[in-house]
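Let me begin by presenting the structure, written as structure tokens, before commenting on it.
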Amino acid sequence: MEQQKDMEYIKRILDGETVLFSSFLQRYARPIHSMIIRIVPCREDAEELTQDTFMKAFRKLETYKGDCNFSTWLYRIAYNTAISATRKKKITFPVLDESIINSLPDEAVNELLNKDEDEELMQKLEQAVELLDVESRALITLYYTEEKPIIEVASILQLTPENVKVKLYRVRRKIYTLVKSKENESR
Amino acid sequence: MNQDKALKRILQTRDKGDLPYGFEIGLMNKVTLEAKRKKRRFFVLTLGLVSLVSVAMIAGTILLLKFYLSVQFSLPVLHIRFSTETGSMFGFFFYIAFLALVLLGLDTYFRSLRHKPKD
């Protein structure tokens, strides 16, 4: 239903009713900005990238064929815009030992990521998330914050659903490793 | 996986960095400007294309007539002889034509000024 309405709006915008684009801004500006700010933590940059996303979407509106949701298409533009901005800045992220990540027991990871009463742990979790690479941050933002289904996350990040599942599995383990290393540092 | 309550909570409560007041209006102004630019670009492109095609067609027709059908062109206007009398008449006609063009130009300009607030 929403998809149909969006298609109708897009057709009218392309026919010259530019003012209708404001309905897309009202609906999607905040969620898009909240995803970008998690990839690019600087407020000013995130604001500029949100603007760039919508300008790019408007310029390429005729290329949207309706093969996915309009929001998915917008998120994909936002993700690519944010990724290229971070590439220009050349941010480096800590590299974790693959063998440690692979040898972690599932129960320990599950237990840690579900302990939402421990405030100290929550702080460490937050710090661990800050240390994640850009793609991982985008992935967990879309999955946990925006609550997008795996298939939509895959479409936004241009990956296969299986790949998204594997990456999510690994990101959880990376977070666990980072939290544990923070705990060891504080001891 | 989707039950990672702690991870979900920190991600949802983290600073969402709300957009400043008037962000959407500012962006909409940019979009409107871009739409006008797009329209102008399309107009210029169409005009260029139409001109190019027209010139090509005229050139093609002339070439076809001259080289394949061997039509001889003669321009009668080149045989006109200018005397002082015809010279003053031509001067008057040019003056009237120039005046008409200036008035048409002014008319278009004032019309565009009048229609500007509607955009």
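Points worth noting:
- Estimated translational diffusion coefficient (Stokes-Einstein, Kirkwood radius over Cα pairs, 37 °C, 0.692 mPa s) of the stretch A:98-186: 240 µm² per second.
- Modelled spin labels at B:L106 and B:A59, positioned 7 Å past Cα toward Cβ, are 3.9 nm from each other.
- Candidate aspartates and glutamates - alpha carbon under 20 Å from A:K5, same-chain residues fewer than 8 apart omitted: A:D15, A:E17, A:E62, A:D67, A:E152
- Cα centroid of the stretch A:37-54 to Cα centroid of the stretch B:1-62, whole Å: 17
- Note, ³J(HN,Hα) from phi for the stretch A:153-159, Karplus 6.51, -1.76, 1.60, rounded to Hz, x at Gly and Pro: 4, 4, 5, 5, 7, 6, 10
- Separation in nanometres of the label points that stand 7 Å from Cα toward Cβ, at B:Y95 and B:L52: 4.4
- This model, with +1 at the C-beta of Lys and Arg and -1 at the C-beta of Asp and Glu, gives chain A a dipole about its Cα centre of some 680 debye.
- Cα gyration tensor of chain A - equivalent ellipsoid semi-axes, whole Å, descending: 36, 17, 14
- Ordered by the number of other Cβ atoms lying within 10 Å of each residue's own Cβ, fewest first, B:F42, A:F58 fall into the sequence B:F42, A:F58.
- From helices alone, the protein assembly as shown scores -24000 deg cm²/dmol at 222 nm; the rule is -39500 (n - 2.57) for each run of n ≥ 4 DSSP H residues, then divide by the residue total.
- The protection proxy used here, the mean number of other Cβ atoms lying within 10 Å of each residue, ranks peptides A:162-171, B:97-106, A:106-115 as follows, highest first: A:162-171, A:106-115, B:97-106.
- The relative contact order of chain A comes to 23 percent, based on Cα pairs under 8 Å that sit 6 or more residues apart.
- 3J(HN,Hα) couplings calculated from phi for the stretch B:32-37 with the Karplus curve 6.51 cos²θ - 1.76 cosθ + 1.60 (θ = phi - 60°) are, in sequence order, 4, 4, 5, 5, 5, 4 Hz; Gly and Pro show x.
- Restraint check, A:K148/A:K180; A:K65/A:K165; A:K165/B:K5; A:K88/B:K39; A:K65/A:K167; A:K180/B:K5, Cα-Cα greater than 23 Å: A:K148/A:K180; A:K65/A:K165; A:K88/B:K39; A:K65/A:K167
- Test item: A:29-38 mean partner chain Cβ contacts at 10 Å: 4
- Theoretical FRET efficiency, 1/(1+(r/R0)^6), r = Cβ-Cβ of A:R170 and B:F43, R0 51 Å, to 0.05: 0.45
- The stretch A:109-114 - phi-based ³J(HN,Hα) in whole Hz, Karplus 6.51/-1.76/1.60, Gly and Pro as x: 5, 4, 5, 5, 6, 10
- Shown for B:R41, A:R173: other C-beta atoms within 10 Å of each C-beta, ranked fewest to most, produce the order B:R41, A:R173.
- D_trans [Stokes-Einstein, Kirkwood Rh over alpha-carbon pairs] for the stretch B:21-73, 37 °C, 0.692 mPa s, µm² s⁻¹: 226
- Label-point gap, in nm, between A:S23 and B:L113 - each point 7 angstrom along Cα→Cβ: 3.8
- Whole-percent pair-distance distribution, where bins are 5 Å wide, for the alpha carbons of the stretch A:2-89: 3, 14, 28, 24, 16, 10, 5, 1
- For A:E162 and A:K115, the difference between the fully extended length at 0.36 nm per residue and the C-alpha to C-alpha distance is 14.2 nm.
All of the numbers you see were taken from the coordinates with simple rules; none came from a lab. Predicted model, so just to flag it, every value in this text is computed and none were measured. Methodologically, a virtual Cβ is constructed for each residue, glycine included, from the backbone with ideal geometry; neighbour enumeration extends over all protein chains shown.
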